[in-house]
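The values are calculated or read from the model by the stated rules, or taken from the named source; none is laboratory data. Every value quoted in this text rests on a predicted model; they were computed, and no experiment measured them. Positions of Cβ are generated from backbone atoms using ideal geometry, with glycine treated the same way; all protein chains shown enter the neighbour counts.
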């Protein structure tokens with residue numbers, strides 16, 4: 001029966017791909033639409049709590065090496081994944097297949113396109129990723145996480161719709177009005193950088209804080225993510241400076257921590273930018289300098305263009321420069337309030353609902 005045909009989601013095994021897929025799955029479930037997930041077999045454990053009625057491991061690979069043997073091995077894995085996906089799609093008869101980027105999304109979405117199944121590609125970043133660039137020409141619709149996709153060709157843009165980046169329910173629940181720090185009151189800072197970026201935060205932020213004017217520094221309370229090997233050295237700098245600090249490699253309640261902050265210092269992955277906007281907090285964003293296609297830089301610029309963040313490229317992200325920037329920002333609570341308001345205006349808290357509408361419309365399904 002049509003009512004039982006699922007939507008098949010295909011996503012890479014990182015949070016940046018799985019979080020928006022999870023948000024869409026939750027929204028579709030609310031509408032009574034069954035969801036199944038296809039992802040890299042190595043990511044199945046990471047996605048163990050994904051809200052799908054079934055999770056399928058599909059072989060995939062990247063082409064990171066130029067070695068002929070490595071290229072052949074990757075091609076074999078992708079071919080194997082394509083065959084697995086084709087068999088899965090024939091069995092499930094999904095009403096639509098939605099790809100969220102990353103190489104693990106390639107085999108399922110390509111197989112669906114070859115079999116004539118409706119496909120939707122969701123691009124989280126302001127720059128279209130390599131896997132999505134392969135899939136976009138034959139996709140039925142393109143859903144974008146940012147107002148524009150800077151490297152998309154006109155024919156791709158014709159079938160693109162700006163829906164935003166779906167965020168987890170915990171993020172939406174953390175959204176609240178921004179309250180700037182009171183005169184001479186405590187200032188809460190949150191610092192995190194993700195698995196690829198915490199190191200630069202550990203070597204830059206603590207000495208920058210320690211160099212602040214004593215009166216300003218005494219007001220700061222900091223929560224900082226640091227790699228396990230950096231926790232002790234980071235904590236030691238704050239202890240010596242007399243700064244109240246909580247340092248850990250990971251925070252499970254990051255949305256709540258974000259909501260409690262007066263200023264966030266972070267990388268600018270698509271999910272981070274979306275969460276900052278939905279929660280409505282001012283930030284200093286330091287794009288990962290070696291990310292593919294400079295996607296993090298374009299993400300940060302999109303938010304900065306509306307006044308919702310301060311962008312500092314990593315080459316300029318030094319303790320001396322950060323001390324100056326923090327002194328300026330933290331001495332002007334009104335600037336923080338304006339930035340928070342602009343970030344909130346940029347947000348798409350209903351992105352999951354918008355994406356669900358687009359997927360079901362593309363699949364010609366009434367619900």
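Somewhere in segment 277-284, is a residue surrounded by fewer than 24 Cβ atoms within 10 Å (Cβ to Cβ) and under 22 Å from residue 332 (Cα atoms)?
Pass one, segment 277-284, residues surrounded by fewer than 24 Cβ atoms within 10 Å (Cβ to Cβ): 284.
Still in the running and under 22 Å from residue 332 (Cα atoms): 284.
Yes: segment 277-284 contains one or more residues that are surrounded by fewer than 24 Cβ atoms within 10 Å (Cβ to Cβ) and under 22 Å from residue 332 (Cα atoms).
Within segment 222-237, does at least one residue satisfy the condition of being within 23 Å of residue 337 (Cβ to Cβ), in contact (Cβ under 8 Å) with a residue 24 or more places away in the chain and surrounded by 20 or more Cβ atoms within 10 Å (Cβ to Cβ)? Walk me through how you get there before you give the answer.
Initially, segment 222-237 is screened for residues within 23 Å of residue 337 (Cβ to Cβ), giving 222-223.
Still in the list and also in contact (Cβ under 8 Å) with a residue 24 or more places away in the chain: 222-223.
Filter once more, so that each one left must be surrounded by 20 or more Cβ atoms within 10 Å (Cβ to Cβ): 222-223.
Yes, segment 222-237 contains at least one residue that is within 23 Å of residue 337 (Cβ to Cβ), in contact (Cβ under 8 Å) with a residue 24 or more places away in the chain and surrounded by 20 or more Cβ atoms within 10 Å (Cβ to Cβ).
Looking only at segment 342-354, how many residues end up being crowded, with 17+ Cβ neighbours inside 10 Å and over 30 Å from residue 32 (Cβ atoms)?
Count: 4.
Only one of (1) at pLDDT below 95; (2) crowded, with 22+ Cβ neighbours inside 10 Å; (3) more than 20 Å from residue 19 (Cα to Cα) is not met by residue 129, so which one is it?
Among (1) at pLDDT below 95; (2) crowded, with 22+ Cβ neighbours inside 10 Å; (3) more than 20 Å from residue 19 (Cα to Cα), residue 129 violates only (3).
Looking at segment 295-320 only, could you name the residues that are surrounded by fewer than 20 Cβ atoms within 10 Å (Cβ to Cβ), out of contact with any strand residue (DSSP E or B) (no Cβ under 9 Å at 6 or more places or on another chain) and touching a residue at least 60 places away in the same chain (Cβ under 8 Å)?
Within segment 295-320, 314, 318, 319, 320 meet the criteria.
Of the conditions (1) surrounded by fewer than 24 Cβ atoms within 10 Å (Cβ to Cβ); (2) modelled with pLDDT of 90 or more; (3) in contact with a strand residue (DSSP E or B) (Cβ under 9 Å, 6 or more places away or on another chain), residue 146 clears all except one; give me its number.
(1)
Go through (1) modelled with pLDDT of 95 or more; (2) not in a loop (DSSP other than H, G, I, E, B) and name the single condition residue 94 misses.
(2)
Within segment 255-274, does at least one residue satisfy the condition of being more than 28 Å from residue 236 (Cα to Cα), touching a strand residue (DSSP E or B) at 6+ places or on another chain (Cβ under 9 Å) and touching a residue at least 40 places away in the same chain (Cβ under 8 Å)?
Checked segment 255-274: at least one residue is more than 28 Å from residue 236 (Cα to Cα), touching a strand residue (DSSP E or B) at 6+ places or on another chain (Cβ under 9 Å) and touching a residue at least 40 places away in the same chain (Cβ under 8 Å).
So residue 201 fits all but one of (1) modelled with pLDDT of 95 or more; (2) over 30 Å from residue 316 (Cβ atoms); (3) assigned to a helix (DSSP H, G or I); (4) under 20 Å from the mean Cα position of the chain (by Cα); what number is the exception?
If we test residue 201 against (1) modelled with pLDDT of 95 or more; (2) over 30 Å from residue 316 (Cβ atoms); (3) assigned to a helix (DSSP H, G or I); (4) under 20 Å from the mean Cα position of the chain (by Cα), just (2) comes out false.
Going through 242, 194 one at a time, which residue ends up being surrounded by fewer than 17 Cβ atoms within 10 Å (Cβ to Cβ) and either out of contact with any strand residue (DSSP E or B) (no Cβ under 6 Å at 6 or more places or on another chain) or under 21 Å from residue 287 (Cβ atoms) (or both)?
Answer to the check: 242.
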